[in-house]
1. At each listed q (0.14, 0.16, 0.28 Å⁻¹), what is the log10 of I(q)/I(0) that the Debye formula gives for the range 556-626 modelled as equal alpha-carbon point scatterers?
2. Once the convex hull of the C-alpha atoms of the range 271-315 is built, how many Å³ does it hold per residue, rounded to a whole number?
3. Can you give me the solvent accessible area of ASP435 with a 1.4 Å probe, rounded to the nearest 10 Å²?
4. Separation between the ARG211 and ALA292 pseudo-spin-labels, each 7 Å from Cα along Cα→Cβ, expressed in nm?
5. So what is the orientation-averaged projected area of the range 528-591, using the convex hull of its C-alpha atoms, in nm²?
6. DSSP loop GluC sites (Glu not before Pro) in the range 407-440 with at most 16 other Cβ atoms within 10 Å of their Cβ, which ones?
7. Given bins 10 angstrom wide, list per bin the percent of all Cα-Cα distances in the range 339-432, short to long.
8. Using R₀ = 51 Å, calculate the FRET efficiency as 1/(1 + (r/R₀)^6) where r is the Cβ-Cβ separation of ARG28 and HIS358; round to 0.05.
Amino acid sequence: MQHSILVVDDEPYYCSTLKFLLESNSYRVEIATSGREALSFLQNDSFHAVLLDLNLPDIHGIQVAEYIKQNHQDTAIIIQTGYATVNSAIQAMRNDVFDFLCKPNKTELVLETIARGIENKQLKRELAQSEKRLRRLSEATWEGIAIFDNNRLLHVNNQLCRIFGYTEAELLHLPFTDILPGWDLCRSVNCEKEDDTTGAAECSGRRKDGRTIPVEVRVRKDGGENQVVAIRDISTRKAAEQKRMELQRRLTDAQRMESLGLMAGSVAHDLNNILTGIVTFPELLLSNMSPADTFRPEIELIYRAGRQAADVVADLLTVARGSKCKKEPNNLNLLVNNYVDSIEYRQLENDFPGITIHVGLEPDLPNLSCSAIHIAKSIINLVTNAAEACGNEGDIIIRTISRKLIEPIRGYEEIPPGEYVVLSIADNGSGIAADGLSRIFEPFYSKKEMGRSGTGLGLTVIWNTVRDHHGYIDLTSNWAGSRFDLYFPVSLDKRRAVQDSFSLEALFGKGEKILIVDDEESQRNIACSILKQLGYAPFSVDSGRTAVEYIKKEPVDLVLLDMIMEPGMDGCQTFAEILKYFPGQKAVITSGYCNKEDQERMKSLGISQYITKPYSLACIARAIRLEIDGETGCGIKRT
């Protein structure tokens with residue numbers, strides 16, 4: 001089915017560009033350059049989505065949005081404007097606007113937003129249709145009828161026999177309370193009615209095979225001592241209600257995650273730019289301080305706080321946008337050993353001195369294809385959670401296991417047959433409450449103390465990581481403790497997993513010229529300070545166009561490019577322009593936030609090194625050396 005889009009904007013060039021883009025992606029597109037023209041289209045046709053500018057030459061875009069809301073409830077409204085205000089945003093939300101895009105915007109974001117808007121409206125339609133079908137089903141269900149007196153069945157119809165699984169002869173020999181154990185409660189409700197006909201009451205019925213079914217009961221006196229009861233099996237209705245509630249929950253979760261993703265993506269770039277100064281300058285200061293320096297503890301505290309804030313942003317992006325990660329052959333034993341040798345492990349031992357951690361690694365463990373950073377974060381989160389569950393004293397067991405499943409495991413979730421490497425982390429702490437097990441991986445569900453225990457996203461990040469690695473989770477918990485088993489498919493790649501081992505000094509520069517391109521002065525100053533300390537000769541400019549002109553006059557060994565620069569060319573556009581004049585130019589991209597589309601653009605330009613702000617000295621040093629040398633004396637190879 002071809003989806004139709006109405007573009008409402010008074011800029012002809014922008015409209016024609018957008019029409020070409022959308023038609024190239026199989027949409028049917030109509031253009032309106034004024035509000036009244038848009039209303040004329042909407043009076044004669046319907047559209048799946050409307051891309052609406054607010055500042056139109058005749059009427060305001062909000063008036064068009066109001067008309068769409070009243071007359072085209074299945075149409076997704078997407079505002080796109082270059083002059084947004086808080087008031088216009090509030091008015092847009094009141095008119096059921098799906099999303100709010102600020103010009104200029106990326107084509108990928110426009111296409112993604114349109115697709116999500118249409119899908120959102122489709123989900124709402126399905127929900128409404130589900131509710132309509134539920135009402136029809138409930139009204140059309142046949143009822144079982146019985147006449148009884150003093151708990152003795154006198155007459156029954158065939159439908160009642162089918163509901164409870166008995167023959168008519170069997171039912172007439174049974175007390176009424178045998179098929180309706182909750183009849184006393186129903187009767188107490190019925191007795192409150194003054195007329196002969198009572199309202200419907202729900203209770204449980206018992207079938208011949210012993211199964212309990214939900215039923216709806218109505219009772220009417222027949223004028224004498226006998227009573228007529230109408231019983232309706234409402235199992236189907238209850239299942240439909242459950243399905244509708246699940247659909248509603250999924251829609252609510254999708255909307256919540258969409259809002260979270262919109263917020264996270266919007267603030268990630270700016271917030272990570274701010275955090276670069278909070279993280280990097282303390283690291284620079286610490287690198288020049290002695291361990292006994294008076295202010296070292298305070299500066300270390302600032303550095304740790306900055307890193308924690310950066311982790312919150314990274315977790316938000318992982319949860320909300322489902323960030324994908326590059327996977328390489330690795331060994332789970334190596335990753336566990338790295339954790340045991342890490343600063344995080346030593347900090348945990350200091351924070352929980354009464355807890356003993358036992359590590360048991362299966363020898364000759366097969367490799368898995370994974371993102372080492374994400375698996376390491378999962379280990380850290382699980383061990384930290386286990387320590388907090390144990391409190392002042394207890395035991396934590398970290399194990400790695402190789403398992404070949406012939407039959408599926410039906411535990412917390414079903415794990416299909418296959419070969420897996422398993423990360424198992426168990427504790428003898430307080431356990432997880434039974435009512436929380438089904439929701440434990442939801443964002444912000446954590447009942448722990450926020451601030452001390454983290455962001456509330458730790459287990460959600462683990463869930464997303466396992467899903468991204470095509471793995472599974474088995475979880476058991478009771479009063480004696482909890483155990484998390486993460487199942488990862490075995491990799492067929494037999495290459496030996498190795499660990500980078502190098503010192504920061506080995507990555508120092510040799511006076512190479514590096515051009516820093518960033519639209520923010522603070523980011524240029526931070527990068528210059530780092531590169532000077534690393535032994536490079538840095539120069540900086542504030543835009544892509546200036547960078548191109550600079551390199552024409554003064555060639556450099558490497559360009560350090562910010563991905564998002566406004567206004568003007570972004571990092572990839574700048575590098576593409578540079579390659580026209582210097583095809584062999586080397587570059588490293590940095591950014592506070594980079595989506596999957598941007599990463600694909602980098603690859604197409606031959607850029608292999610991308611670092612996320614806020615970056616550390618070691619991170620930027622390694623990326624630059626890899627890009628300049630390809631292979632260093634430290635044994636680090638280009639990926």
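1. -0.39, -0.52, -1.46
2. Hull volume over Cα atoms, normalised by residue count, gives 56 Å³.
3. 110
4. Result for the modelled spin labels: 8.0 nm.
5. Computing the convex hull of the Cα atoms and averaging its projections yields 4.2 nm².
6. Of the GluC sites (Glu not before Pro), the ones in loops of the range 407-440 whose Cβ has at most 16 other Cβ atoms within 10 Å are GLU413.
7. 14, 41, 33, 11, 0
8. Efficiency, from the Cβ-Cβ distance: 0.20.
The values are calculated or read from the model by the stated rules, or taken from the named source; none is laboratory data. In this text the structure is predicted, and so the values were computed from the model without any measurement. As a convention, Cβ positions derive from the backbone with ideal geometry for all residues, glycine included, and neighbour counts pool all protein chains shown. Heavy atoms of the whole protein, side chains included, go into the accessibility calculation; ligands, DNA and RNA do not. Shrake-Rupley method; radii C 1.70, N 1.55, O 1.52, S 1.80 Å.
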